[in-house]
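The values are calculated or read from the model by the stated rules, or taken from the named source; none is laboratory data. As the structure is a computational prediction, the values presented were derived from the model and not from experiment. A quick note on method: Cβ atoms are made from the backbone with ideal geometry, for glycine too, and the neighbour counts reach across all protein chains shown. Accessible surface areas use protein heavy atoms only, side chains included; no ligands, DNA or RNA. Shrake-Rupley method; radii C 1.70, N 1.55, O 1.52, S 1.80 Å.
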Amino acid sequence: MSFQAYLDGAEKKTGKTPAELLAAATAHGFDVTTKANDFLDWLKNDYDLGRGHGMPLYQIFKNGPEIAAKYDKSPNPAPVRLDGLANR
């Protein structure tokens with residue numbers, strides 16, 4: 001699955017856009033030095049998201065949305081959308 005598919009799945013499960021989840025992570029006190037397990041535990045406890053949906057969010061939180069292109073093997077990878085399904 002693509003980063004976007006995981007982000008869309010997280011939104012469907014939580015009702016929060018990826019941008020809202022990333023903002024909530026910052027408000028929670030996380031920053032780029034936060035360890036993946038701490039981030040994933042928070043997502044599990046607060047939003048009932050597992051590792052599959054959590055790792056793409058963590059990678060974007062830590063490295064920016066451009067990281068998704070590194071894992072997209074298509075010839076012209078589309079940028080990930082963080083603004084939610086309703087904005088497409």
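The figures follow:
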item: Residue within the range 38-58 that is over 10 Å from the mean Cα position of the chain (by Cα) and hydroxyl-bearing (Ser, Thr, Tyr) present; result: yes
item: Of the criteria (1) out of contact with any helix residue (DSSP H, G or I) (no Cβ under 7 Å at 6 or more places or on another chain); (2) in a loop (DSSP other than H, G, I, E, B), which one residue 45 fails; result: (2)
item: Yes/no for residue 83 being surrounded by 11 or more Cβ atoms within 10 Å (Cβ to Cβ) and part of a helix (DSSP H, G or I); result: no
item: In the range 32-66, the residues that are over 21 Å from residue 80 (Cα atoms) and among the acidic types (Asp, Glu); result: 38, 41, 46, 48
item: Count of residues meeting criterion [open to solvent by 30 Å² or more (accessible area, probe 1.4 Å), in a helix (DSSP H, G or I), under 13 Å from residue 62 (Cα atoms) and not hydroxyl-bearing (Ser, Thr, Tyr)] in the range 22-35; result: 1
item: Subset of the range 60-80 (residues that are open to solvent by 40 Å² or more (accessible area, probe 1.4 Å) and assigned to a helix (DSSP H, G or I)); result: 62, 63, 69, 70, 71
item: Residue ID - least open to solvent (accessible area, probe 1.4 Å), chosen from residues in the range 1-21 that are at pLDDT below 95 and of a type in the set (S, T, N, Q); result: 4
